Amino acid sequence: MPIPLLTTPPPARTTYIIDQLEGERLSIPGSKGAFRILASSKQTAGGIAVFQSGAVLSDAPGFHWHAEAHDVFYVVKGYLKLWNGDKCRVMGPGDFAYVPPKVIHNPQLLGPYTETLGLIAPGDWIDFFRYIAEPFDGNILPEFDGRDLASILIPKVMAAKDQFDVNFVRPGSGEYTPPEVGEWLDSENVLPGPGEPYFLRANTGPRWLLGGVLVRPFINASQCGGRFGIASIEGSGAYSKDSSPLGRSLAFPTVDHCFVVFEGVLEVKLEGEEGWSAVREGQTLVVAAGQGFALGFGSRYVRAVLFTNGCGIEELIQTAGEPFEGFVLPDEPGSWDEGRFLEAAGRLGVLVDGKVVG
C-alpha cells in the first residue's frame with residue numbers, strides 16, 4: 001500500500017507525505033507571509049511542530065521569550081535578521097540558529113523574499129500561530145495584503161497573553177537592550193553545550209559518514225534535554241542499496257521522523273511493503289514512531305533536512321559512523337562496521353528488521 005500523498009497533515013500519528021507548498025496553510029493578517037505546518041502535536045504525540053514559512057519584506061513580530069518552548073530557525077531562501085539573546089546576525093541560506101527557553105529573540109525577514117524552516121517544542125505552541133492567523137488559500141503568500149499588522153495582532157496577543165507561552169518585552173525599557181548586528185565569528189561553526197543559544201554558519205559544523213550516508217547535525221537531542229534533533233542527511237543513488245546500512249528496516253519505537261527533501265529523490269520502503277516510495281524535491285515525508293522503514297537515494301545526489309522528536313536516525317548515523325573531514329559527499333561510500341552499527345542500534349533502542357539487537 002503506497003504512502004498517502006496529502007495536502008494537510010492527518011488527524012493522527014501515522015506515516016504520510018505532504019506535497020510541495022502544501023500543509024496546514026495559515027497567514028497572519030498584514031504580514032505578507034504564509035506558514036505551512038507539516039507536522040504538529042497530533043502527528044508527534046505533542047513532541048514537536050515542524051513548519052515552513054515565507055514572506056516578502058515585513059516588520060519583525062517584536063522581542064519576546066518563551067518560558068518552556070524551544071525555537072529554531074533554518075534559512076532556505078533570502079535573508080533573516082535574528083536577535084538571539086546577546087547576539088544578532090543576518091542569516092542567509094543554510095544558516096541555522098537555536099533559541100532555548102527564556103532567551104529573548106526577534107526574527108525579521110529581510111526579503112525581498114525569504115523562506116525558513118522552523119521547529120517548535122513542545123508541539124502545542126504552534127496553536128499560537130493558529131490563534132493569530134487565518135487560513136490561507138493562495139499559491140505562495142499574500143504579497144499585497146495591505147492590512148495593518150500591529151492593529152490586528154496586538155489586541156489578539158493582549159487578549160490571550162496568559163493562554164500561550166509568549167512573553168513580549170519592550171526594548172530599551174530596562175528589560176532588554178537589543179544588540180547591534182555582528183559579524184559572523186569563526187567560533188560559530190560548532191555545536192555548543194546543552195541549553196546554550198547559538199548560530200551555526202552554513203556548511204560548517206560537524207559531519208559524520210556512515211557508509212554512503214553523510215549527516216550534518218544542526219542540533220542534537222543532548223543539547224535540548226532530549227526533545228529533538230535536526231540534521232541534514234545526504235546520499236547518492238550511485239551507491240548500491242545493498243551496501244547501505246540504512247537499506248534494511250529500522251524502527252524507532254518513540255521517535256517520529258520528518259524529512260523535508262531539498263534536492264534529488266529520497267526513497268523509503270516501509271516494513272512489510274515490497275516497493276519503494278519516492279519523495280521528491282519540495283515534498284515532506286513523516287514516518288510515525290514505531291514504523292519500520294528503510295532509506296534509499298533515487299538520484300545521483302539527495303539532500304533532506306530531518307527533524308526528530310528525540311534521538312532518531314541522525315543519532316544512529318553519528319553513533320555508528322565516523323567523523324568526516326570533507327565538505328561534500330564523497331564519490332565512493334565509506335566503510336562501516338556491522339557490529340558497531342548493531343551495537344549503536346541496540347543502545348538507542350532501534351529495532352533492526354523487526355528485532356531487538358545489542
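From the list Val157, Val166, which residue is assigned by TED's automatic domain parsing to the domain that holds Gly46, within 25 Å of Pro29 (Cα to Cα) and touching a His at 6+ places or on another chain (Cβ under 6 Å)?
Val166
What is the one condition in (1) more than 30 Å from Arg303 (Cα to Cα); (2) buried (at least 16 other Cβ atoms within 10 Å of the Cβ) that Ile120 does not satisfy?
(1) is the only condition that Ile120 fails.
Which residues, counting only those in the stretch 134-182, are surrounded by fewer than 10 Cβ atoms within 10 Å (Cβ to Cβ) and either part of a helix (DSSP H, G or I) or touching a strand residue (DSSP E or B) at 6+ places or on another chain (Cβ under 8 Å) (or both)?
Pro135, Asp137, Met158, Glu180
If only one of Ser249, Ser299, Ser222, Ser232 is crowded, with 21+ Cβ neighbours inside 10 Å and among the small types (Gly, Ala, Ser), which one is it?
Among Ser249, Ser299, Ser222, Ser232, only Ser232 is crowded, with 21+ Cβ neighbours inside 10 Å and among the small types (Gly, Ala, Ser).
Condition check ((1) in contact with a helix residue (DSSP H, G or I) (Cβ under 6 Å, 6 or more places away or on another chain); (2) in contact (Cβ under 8 Å) with a residue 12 or more places away in the chain) across all residues:
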residue	(1), (2)
Val157	no, yes
Asp162	no, no
Gly172	no, no
Pro179	no, yes
Pro194	yes, yes
Leu209	no, yes
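Is there a residue being surrounded by fewer than 18 Cβ atoms within 10 Å (Cβ to Cβ), basic (Lys, Arg) and under 16 Å from Leu57 (Cα atoms) anywhere in the stretch 80-88?
yes
Could you give every pair whose Cβ atoms fall below 9 Å, whose first residue belongs to the stretch 332-350 and is at positive phi, and whose second residue is among the aliphatic types (A, V, I, L, M) and surrounded by fewer than 16 Cβ atoms within 10 Å (Cβ to Cβ), counting only separations of at least 6 or pairs across chains?
That search, which allows pairs on different chains as well, returns Gly349/Val356.
Answer yes if at least one residue in the stretch 70-88 is assigned to a loop (DSSP other than H, G, I, E, B) and modelled with pLDDT under 95, and no otherwise.
No; the residues of the stretch 70-88 include none that is assigned to a loop (DSSP other than H, G, I, E, B) and modelled with pLDDT under 95.
If the requirement is being within 16 Å of Val255 (Cα to Cα) and among the small types (Gly, Ala, Ser), which of these qualifies: Gly296, Gly310, Gly334?
Gly310
Let me spell it out: the conditions are (1) basic (Lys, Arg); (2) crowded, with 21+ Cβ neighbours inside 10 Å; (3) not in a strand (DSSP E or B), and Arg216 meets all of them except one. Which number is the exception?
For Arg216, the exception is condition (3).
State which residue is modelled with the lowest pLDDT when the search covers only the stretch 38-69 and only residues that are in a strand (DSSP E or B) and within 13 Å of the chain's Cα centre (by Cα).
Ser53
Is it the case that some residue within the stretch 125-138 is in contact with a His (Cβ under 6 Å, 6 or more places away or on another chain), under 16 Å from Phe73 (Cα atoms) and in the same structural domain as Ser31 (by TED's automatic domain parsing)?
Kept after step one, since they are in contact with a His (Cβ under 6 Å, 6 or more places away or on another chain), are these residues of the stretch 125-138: none.
Within the stretch 125-138, not a single residue is in contact with a His (Cβ under 6 Å, 6 or more places away or on another chain), under 16 Å from Phe73 (Cα atoms) and in the same structural domain as Ser31 (by TED's automatic domain parsing).
The values are calculated or read from the model by the stated rules, or taken from the named source; none is laboratory data. Just so it is clear, the structure is predicted and the values come from calculations on it, not from any experiment. Ideal geometry is used to build each Cβ from the backbone, glycine not excepted, and the neighbour counts take in all protein chains shown.
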